[in-house]
There are 2 protein chains.
Amino acid sequence: MADEKTQVRFGILGCAEIARKVCRAINLSPNSILHAISSRSIEKAKQFVVKNSLPESVKVYGSYEEVLDDPFVDAVYVPLPTSLHLKWAVLAAEKKKHVLLEKPTALNVGELDRILDACESNGVQFMDGSMWYHHPRTAKMKEFVSDTKLFGQVKTIHSSSSYFPPQDFFENNIRTKADLDCFGALGDAGWYCIGAILWAMNYKPPTTVTALPAATIHNSNGVIMSTTAALHWEQEGTTATFYCSFLSHETMDVSVLGSKGSFHVEDLIIPYEESSASFSFTSGAAFVDLHIGWNMKEQEVQVQNELPQEALMVKEFSRLVKGIKEFKIRPDKMWGDISRTSQVVLDAVKSSVDSGKMVYI
Amino acid sequence: MADEKTQVRFGILGCAEIARKVCRAINLSPNSILHAISSRSIEKAKQFVVKNSLPESVKVYGSYEEVLDDPFVDAVYVPLPTSLHLKWAVLAAEKKKHVLLEKPTALNVGELDRILDACESNGVQFMDGSMWYHHPRTAKMKEFVSDTKLFGQVKTIHSSSSYFPPQDFFENNIRTKADLDCFGALGDAGWYCIGAILWAMNYKPPTTVTALPAATIHNSNGVIMSTTAALHWEQEGTTATFYCSFLSHETMDVSVLGSKGSFHVEDLIIPYEESSASFSFTSGAAFVDLHIGWNMKEQEVQVQNELPQEALMVKEFSRLVKGIKEFKIRPDKMWGDISRTSQVVLDAVKSSVDSGKMVYI
């Protein structure tokens, strides 16, 4: 049984739709508990409690400051618009709250560096809200990519992340407003493509980033609705391409092609089902004599998970927080480093879209 | 039963490895029969007969000219190096032989135009050797892509075609020699990516082609071993990317993403098995409440085929030839048009690799 006294107590800043999922995840994870929620409007916060059947023990605040001032809050989850990340993540760190921050992490890497610096100087843990890193399928895929005998070296990666939201989204969603989230589909969907590509490259940043400005669609606010970009690693000779969009059918694919093997997954970011997920791979594939078929078909690897990936994310974050709280272990910088590399590439793609030029990193 | 008198009689120019597969296909197709094979060396031609257990009735020639001069030959299959296509395809047409030409069709579209003109002015059928067009799976996928209710409009396409041949290939294969085949992996593997992308766009040429010169690897002869390129259709706002390589594990993928649906296939060019093939699709996919899963998984569509796709190609080609021979129907220009659009894009990618610039078509 979970010991409530040692559970990490979460506060949530804002009642965004995604907060419903993470709120559930906080309660599903054995080492964390939801302590407080907040909204700029107390009414909205109260509605959130009802809609999500939260227990009466959860504190309900009408401002974010109150969450940060609550001494029982160990950590905050921040699903605010990107333009507000800098202010609230830094404030949270200064109040010694550990920070689980929604993606994209900031408006640019300069802002993210200020957030990471604040976390470091205040001794709090940082992690961004990319859930798929925490699924055991991701670890299983990593095993395969790292197996030089089966997979060889990574040669190319392609990822696609898209969805086609209803009309209302294009008029009202924060992801379509230049003052709230300058990245649009690139920051929302493209963040995952960039993350998946970097994951396959062990988070080594590419040498160059080339977006296709002609193939980029902006809305009337100048926010990216759809784009395509290519990344290149000079030393490795590896190339990656990705497509992210608010104008296409639901996809979250990644294909990684090595010298000896390859694999692909169609539901990377959110698996089709909660309790298990799969990926398909081949290794040593070749044509049979006369080239009338293959020596093998792709194999499907199924991976079970005890908890949904978002709960595994909260569990890992809380494990680190407990280590800091109870055993004075230093915060793990790995998660901040991963976010930072993603943000650097995100910025470079945006810069390449805007300039029409190849960007060196 | 096949009526030998009305079967289209094929001659083959050259004993390339691929000729073994097509030679088998000619005999599998009910409306065609192998009449003659040839090589510049009669010994090599004789070995080919033995290796492929061809009947004694097959004529064996020590020169290509003899095949073209054989009055019983209706059609020729030309698997010669690309640099020899112009000479031999034009000569064949002038000798009133119908022309089934291996891909890439020519060293540039100017050469292909001379081949197509020769075919037209001599009233013979032209078709290139891309087999996958003729698989019933391709027709089934086309049904899906054309269904605006299920699929919507094409938004992006990605294709990958690669293999990692043994060392000997890099030293001796014609695809690595600048004087025999200037396109290398682009012409061999990339031809299929370009074809698949154009197929999804109903063979409408893109507005622009942008290769990634930095991400292109050449061998010491200056021949492309690996490259990545992006295509863009301005009017439709559609983008496509592809990767082709001699340096990666076996792939022949294509993913087509529409506004309402998407599909992907992993064994496009040569199906895993001869007698059936599948593709996977989703339409109307969305997340369930809380975004903890999807409302559907992708569906696999299995398509049976009575004959291997290469035999279906020969059957279709022979059907057209018989129409011309027996009923004086005019040659079908569609296949030449498809080849020509592929060649135009192939040339543009090569030009973009060489110049480092975006190429307008």
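What follows is calculated from the coordinates using simple rules that are stated; it is not laboratory data. Here the structure is a predicted model, which is why all the values come from computation and not from measurement. Heads up, the Cβs are rebuilt from the backbone with ideal geometry, glycines too, and the neighbour counts pull from every protein chain shown.
With its label point put 7 Å out from Cα toward Cβ, B:PRO205 sits 4.0 nm from the same residue's point in the other copies, in order from shortest.
Would region A:121-191 count as rounded, prolate or oblate if I go by the C-alpha gyration tensor, calling it rounded below 1.5 in a/c and otherwise prolate when a/b exceeds b/c, oblate otherwise? It is oblate, given that a/c is not under 1.5 and a/b is not larger than b/c. Run down the aspartates and glutamates and flag those whose C-alpha is under 15 Å from the C-alpha of B:LYS177, throwing out any fewer than 8 positions away in its chain. Correct list for B:LYS177: B:ASP168, B:ASP188. Applying the Karplus relation 6.51 cos²θ - 1.76 cosθ + 1.60 with θ = phi - 60° to region B:299-310 yields 3J(HN,Hα) values of 9, 9, 10, 9, 10, 7, 9, 5, 10, x, 4, 5 Hz, where x marks Gly and Pro. Pairs with C-alpha atoms separated by more than 20 Å, drawn from the list B:LYS21/B:LYS46; A:LYS297/B:LYS315; B:LYS260/B:LYS297, are A:LYS297/B:LYS315. By DSSP, the beta bridges lying fully in the protein assembly as shown are antiparallel in about 60 percent of cases.
Debye-formula intensities of chain A, expressed as log10 I(q)/I(0) at q = 0.06 Å⁻¹, are -0.23 (one equal scatterer per alpha-carbon, no solvent).
Normalised by the number of residues in region A:4-131, the mean separation of alpha-carbon contacts (under 8 Å, six or more apart) gives a relative contact order of 23 percent.
The residue among A:SER57, A:GLN7, A:ASN122 whose Cα reaches farthest toward the positive pole of the charge dipole of region A:4-131, with charges on the beta-carbon of Lys, Arg, Asp and Glu, is A:SER57. When you filter the GluC sites (Glu not before Pro) in region B:1-78 for DSSP loop state and at most 13 other Cβ atoms inside 10 Å of their Cβ, you are left with B:GLU56.
Can you grab the distance from the C-alpha centre of region A:287-361 to the C-alpha centre of region B:332-356, Å, no decimals? A separation of 37 Å, based on Cα centres.
Within the protein assembly as shown, the percentage of alpha carbon pairs spaced more than 33 angstrom apart rounds to 53%.
Taking amide H as placed 1.01 Å from N in the peptide plane, the amide H of B:SER32 sits under 5 Å from that of B:VAL8, each at least 5 places away or on another chain.
Shown in residue order for region B:210-224 are the 3J(HN,Hα) couplings computed by the Karplus curve 6.51 cos²θ - 1.76 cosθ + 1.60 at θ = phi - 60°: 10, 8, 9, x, 4, 9, 9, 10, 9, 8, 5, 8, x, 8, 5 Hz (x for Gly and Pro). About its Cα centre, region A:4-131 has a charge dipole of approximately 420 debye under the convention of +1 per Lys or Arg Cβ and -1 per Asp or Glu Cβ, with nothing else charged. Each helix, a run of at least 4 DSSP H residues, gives -39500 (n - 2.57); summed and divided by the residues of chain A, these come to -10000 deg cm²/dmol at 222 nm.
Across the copies of the chain, B:ASP337 has label points (7 Å from Cα along Cα→Cβ) spaced 5.7 nm apart, shortest distance listed first. For region A:158-242, the set of GluC sites (Glu not before Pro) satisfying both a DSSP loop assignment and a count of at most 13 other C-beta atoms within 10 Å is given as A:GLU234.
Put a plus charge on the Cβ of each Lys and Arg, a minus charge on the Cβ of each Asp and Glu, and nothing anywhere else: the dipole of chain B about its Cα centre is then about 560 debye. Which one of A:ALA16, A:ALA277, A:ALA75 has the biggest mean-square fluctuation once chain A is modelled by GNM with Cα springs under 10 Å? Of A:ALA16, A:ALA277, A:ALA75, the most mobile in the Gaussian network model is A:ALA16. Taking Cα centre as origin and charging only the Cβ of basic (Lys, Arg, +1) and acidic (Asp, Glu, -1) residues, the dipole magnitude of the protein assembly as shown rounds to 80 debye.
Across region A:4-131, the volume of the C-alpha convex hull divided among the residues equals 93 Å³ per residue. Think of chain A as having a plus end and a minus end, set by charges on the Cβ of Lys, Arg, Asp and Glu; of A:LEU80, A:LEU290, A:CYS244, A:LEU80 sits farthest toward the positive end of this dipole. Relative to the other identical copies, A:GLU17 shows label-point distances of 5.1 nm, where the label point lies 7 Å from Cα along the Cβ direction and values run shortest first. Only sites in a loop by DSSP and with at most 14 other Cβ atoms within 10 Å count here; which trypsin sites (Lys or Arg not before Pro) in region A:23-85 make the cut? Here the sparse-neighbourhood loop sites are A:ARG40. Note that region A:228-235 has calculated 3J(HN,Hα) couplings of 9, 9, 10, 10, 9, 10, 5, 4 Hz, one per residue in order, obtained from phi through the Karplus relation 6.51 cos²θ - 1.76 cosθ + 1.60 (θ = phi - 60°); glycine and proline are x.
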